[in-house]
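Reviewing the structure listed below.
Laboratory data are not the source of any read-out in this text; all were calculated from the coordinates shown. Note that the structure is predicted; figures quoted are calculated from it, not measured. Here the Cβ positions follow ideal geometry from the backbone for every residue, glycine too, while neighbour counts run over all protein chains shown.
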Amino acid sequence: MESVYKLIEIIGTSEKSWEDAARTAVETAQKTLKDLRVAEVKELDIRIENGKMYFRSKLTVSFKYHDE
């Protein structure tokens, strides 16, 4: 069976860790995207605001494309 997948970039944030930021991004994306397949971490950084650190994970996510 032939399939087509779409890729998008998403960014998750967390006050705890990069892993938590990635998890937050994927869990949020799963609420509106069907057939999520792979999430690949592309970039990690930390935003600093008023001395507080916020971990950010940029991911490329693939999901099955449905022609509906």
Response to the item:
Restricting to lysines and to Cα separations under 27 Å from K31, and discarding same-chain partners fewer than 8 apart, the set is K6, K16, K42, K58, K64
Item to complete: Report the net charge of residues surrounding K42, where surrounding means a beta-carbon distance below 10 angstrom and charges are Lys +1, Arg +1, Asp -1, Glu -1.
Response: -2
Practice prompt. Report, in degrees rounded to the nearest 10, the 0 to 90 angle that the Cα long axis of helix 18-30 makes with the longest principal axis of the chain.
Written response: 40
Worksheet item: So how much slack lies between K31 and S62, counting 0.36 nm per residue of separation and subtracting their Cα-Cα distance, in nm?
Response: 9.7 nm
Discussion item. For the ranges 49-57, 11-19, what's the packing order if you count other beta-carbon atoms within 10 Å of each residue, average per peptide, and put the highest first?
Written reply: 11-19, 49-57
Worksheet entry | Mean ellipticity per residue at 222 nm, deg cm²/dmol - from DSSP H runs of n ≥ 4 across the chain, formula -39500 (n - 2.57) | -6000 deg cm²/dmol
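Inverting the mean 1/r over all pairs of different Cα atoms, compute the Kirkwood radius of the chain and quote it in Å.
Radius from the Kirkwood sum: 12.8 Å.
Test of understanding: what is the full-extension gain from V4 to K42, defined as 0.36 nm times their sequence separation minus their Cα-Cα distance? Each step should come with its number before you reach the end.
Values: separation 38, 0.36 × 38 = 13.68 nm, distance 2.16 nm.
Here the segment from V4 to K42 would lengthen by 11.5 nm.
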